[in-house]
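J.: Dropping the structure in here first, questions after.
The values are calculated or read from the model by the stated rules, or taken from the named source; none is laboratory data. Please read these numbers as outputs of a predicted model, since none were measured by experiment. We place every Cβ from the backbone using ideal geometry, glycine too, and count neighbours over all the protein chains shown.
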């Protein structure tokens, strides 16, 4: 089940909101229980066999967080609200072991389910290259990737680390923590919310007409991005990337189409998540800020998937030493952080190269003092060059494997001979409907206002626009058979 599906929009969401608002006068914990329960139903709708895995990791993280908070292994001694730990204070061996146990169990689950198949395939390829085919291991089974495990694992890690650091108090009640871990707005595709950001909202929050109205506007605008822009741009990308041969024009159309698809797909889903959060009384952080208007890759990562870049900075880059251990170590930390960020997106060499490309350019920009001579170039030139680097990275993101990625990059540069049959691709891509979608997407990307700012103050005119484009999106959704969601595979 996805937010942009009929069953969610017409059945699951109305029933979830109805039950939640019927509990408006009940204690906060009852509403948290309702959100936790509906989150598990939402998750189990597509992956019922992995509900137990999420519940087990949630339970373990909660227990170990209380060990850290109380500095005590015996639960029967825990009373009342857990004490908040002093930030920067000394921690006992027991607390360090509890932190390590939580971190390792989460990373083990993520590593086994997400990277086992990739590791096995890479090992077999290496053995084959060395002429040791007889040593290859071909199990009769393959591990299936649980939906959203990358997102809820990172959120669980933020919880245990925030408690250990003293940035937040542990949740005394399992229901409250389960609400954080399984709340449907951010469960399977983010935003990746820091626990310290949501801790007090889990304990107390208000439901207002203004919040609900802004949440509905957010949801409708996000749905419109997904259905009216991401899906047609995705058709352009799929047609170009799946073709056997491409001309230069078709290759660039496919790359730009994918850049627009992944942006509107994910930012639209993030808008819907923010909107749902507001309907339930939560205020989430902004996750996208016009990333294709960035004037450097450093600027891009301040604007793209902000919750992920924040997580990588606070829980990986800074613990590695950040920029506090010298120039060379700073560049090393940047590259390692981005390579691991690429690996977080998927288990393949394409994602490792994508992370390495971004990490290398970020290190180069840091070396040049934030862009070097590019700082003197006109803004449109800086934006164009940055978008070009991002486009090259998206080729590795979209291509099915590494050889196809290299082939596609060659097509972008016109390095390959183009057979006459490639003219059929041009005919498929040059349809008015697809060109129109690409043009509208470009106007929104470089000329439109951000949903976050646009919905700050809703007027009747804005409400009418939201209802109009939302209704159009629902009509188009009823006729579309093509409705993928890219970030579900991460």
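J.: For the stretch 267-283, check the following and say yes or no: at least one residue is crowded, with 18+ Cβ neighbours inside 10 Å, under 23 Å from residue 165 (Cα atoms), at pLDDT 90 or above and in the same structural domain as residue 473 (by TED's automatic domain parsing). Talk me through it step by step, then tell me what you get.
T.: Within the stretch 267-283, the subset crowded, with 18+ Cβ neighbours inside 10 Å is 267-282.
Now drop any that are not under 23 Å from residue 165 (Cα atoms), which leaves none.
Looking for residues that are crowded, with 18+ Cβ neighbours inside 10 Å, under 23 Å from residue 165 (Cα atoms), at pLDDT 90 or above and in the same structural domain as residue 473 (by TED's automatic domain parsing), one finds none in the stretch 267-283, hence no.
J.: Which residues, counting only those in the stretch 217-236, are crowded, with 24+ Cβ neighbours inside 10 Å and either over 20 Å from the mean Cα position of the chain (by Cα) or not assigned by TED's automatic domain parsing to the domain that holds residue 428 (or both)?
T.: 232, 236
J.: Pairs needed: first member in the stretch 284-308, in the same structural domain as residue 271 (by TED's automatic domain parsing) and surrounded by 19 or more Cβ atoms within 10 Å (Cβ to Cβ); second member anywhere, part of a loop (DSSP other than H, G, I, E, B) and modelled with pLDDT of 90 or more; C-beta distance under 6 Å; at least 6 residues apart or different chains.
T.: Once the first residue is in the same structural domain as residue 271 (by TED's automatic domain parsing) and surrounded by 19 or more Cβ atoms within 10 Å (Cβ to Cβ) and sits in the stretch 284-308, its partners that are part of a loop (DSSP other than H, G, I, E, B) and modelled with pLDDT of 90 or more give 291/304; 300/294; 306/287; 307/287.
J.: Of the residues 268, 257, only one is out of contact with any strand residue (DSSP E or B) (no Cβ under 6 Å at 6 or more places or on another chain), in a helix (DSSP H, G or I) and under 15 Å from residue 454 (Cβ atoms); which?
T.: On the way: 257 fails: under 15 Å from residue 454 (Cβ atoms).
On inspection, the qualifying residue turns out to be 268.
J.: Same structure again: Return a yes/no flag: does the stretch 317-337 have any residue that is under 30 Å from residue 125 (Cα atoms), buried (at least 18 other Cβ atoms within 10 Å of the Cβ), within 14 Å of the chain's Cα centre (by Cα) and free of Cβ contacts under 8 Å to residues at least 24 places away in the same chain.
T.: no
J.: Tell me which of these residue 262 doesn't satisfy, since it passes every other one: (1) more than 26 Å from residue 431 (Cβ to Cβ); (2) under 20 Å from the mean Cα position of the chain (by Cα); (3) surrounded by fewer than 24 Cβ atoms within 10 Å (Cβ to Cβ).
T.: (1)
J.: Among the residues of the stretch 80-88, is there at least one that is closer than 19 Å to residue 156 by Cβ and surrounded by 12 or more Cβ atoms within 10 Å (Cβ to Cβ)?
T.: Taking the stretch 80-88 first, the residues closer than 19 Å to residue 156 by Cβ are 82, 85.
Keeping just the survivors that are surrounded by 12 or more Cβ atoms within 10 Å (Cβ to Cβ) gives 82, 85.
Scanning the stretch 80-88, I find at least one residue that is closer than 19 Å to residue 156 by Cβ and surrounded by 12 or more Cβ atoms within 10 Å (Cβ to Cβ), so the answer is yes.
J.: Ok, one more. Inside the stretch 195-209, can you point out the residues that are part of a loop (DSSP other than H, G, I, E, B) and buried (at least 16 other Cβ atoms within 10 Å of the Cβ)?
T.: Pass one, the stretch 195-209, residues part of a loop (DSSP other than H, G, I, E, B): 204-208.
Once the filter is applied, which keeps residues that are part of a loop (DSSP other than H, G, I, E, B) and buried (at least 16 other Cβ atoms within 10 Å of the Cβ), the stretch 195-209 yields only 205.
J.: Between residues in the stretch 62-75 that are on the phi > 0 side of the Ramachandran plot and residues that are in a helix (DSSP H, G or I), which pairs lie under 8 Å by C-beta distance while being six or more apart or on different chains?
T.: Close Cβ pairs (under 8 Å, with a partner that is in a helix (DSSP H, G or I)) amount to 71/94; 71/95.
J.: Further question: Looking only at helices (runs of 4 or more DSSP H) that fall completely inside the stretch 3-105, which ones have 1 or more residues that are modelled with pLDDT under 90 and farther than 30 Å from residue 208 by Cβ? Lay out the reasoning, then the answer.
T.: Working: elements: 13-22, 28-46, 51-70.
Here the list reads 28-46, 51-70.
J.: Starting from residues that are in contact (Cβ under 8 Å) with a residue 40 or more places away in the chain and surrounded by fewer than 19 Cβ atoms within 10 Å (Cβ to Cβ), keep the ones in the stretch 424-437 and report whichever is farthest from residue 343 (Cα to Cα). Reasoning before the result, please.
T.: So in the stretch 424-437, the residues in contact (Cβ under 8 Å) with a residue 40 or more places away in the chain come out as 425-426, 428-429, 433-434, 437.
With the extra rule that they be surrounded by fewer than 19 Cβ atoms within 10 Å (Cβ to Cβ), the set shrinks to 426, 428, 433-434.
Numbers: 426: 34, 428: 34, 433: 36, 434: 32 Å.
Step by step, filter the stretch 424-437, then rank; the result is 433.
J.: Six or more apart or on different chains, Cβ under 7 Å: which pairs go from a residue in the stretch 409-423 that's modelled with pLDDT of 85 or more to one that's not in a helix (DSSP H, G or I)? Could you list them?
T.: Between residues of the stretch 409-423 that are modelled with pLDDT of 85 or more and residues that are not in a helix (DSSP H, G or I), the close pairs are 410/416; 411/246.
J.: In addition: Can you pull out every residue in the stretch 30-48 that is farther than 29 Å from residue 231 by Cβ and surrounded by fewer than 16 Cβ atoms within 10 Å (Cβ to Cβ)?
T.: Passing the criteria: only 30.
J.: To continue, here is another question. Report whether or not residue 151 is touching a helix residue (DSSP H, G or I) at 6+ places or on another chain (Cβ under 9 Å), within 30 Å of residue 111 (Cα to Cα) and either modelled with pLDDT of 90 or more or part of a helix (DSSP H, G or I) (or both).
T.: So residue 151 fits the description; yes.
J.: While we're on this one: From the residues in the stretch 346-360 that are without any contact (Cβ under 8 Å) to a residue 40 or more places away in the chain and under 17 Å from the mean Cα position of the chain (by Cα), which one is surrounded by the fewest Cβ atoms within 10 Å (Cβ to Cβ)? So that I can check it myself, show each step before the final result.
T.: Keep residues of the stretch 346-360 that are without any contact (Cβ under 8 Å) to a residue 40 or more places away in the chain, which gives 352, 355-357, 359-360.
Then keep just the ones that are under 17 Å from the mean Cα position of the chain (by Cα); that gives 352, 355.
Details: 352: 20, 355: 23.
Residue satisfying both the conditions and the ranking: 352.
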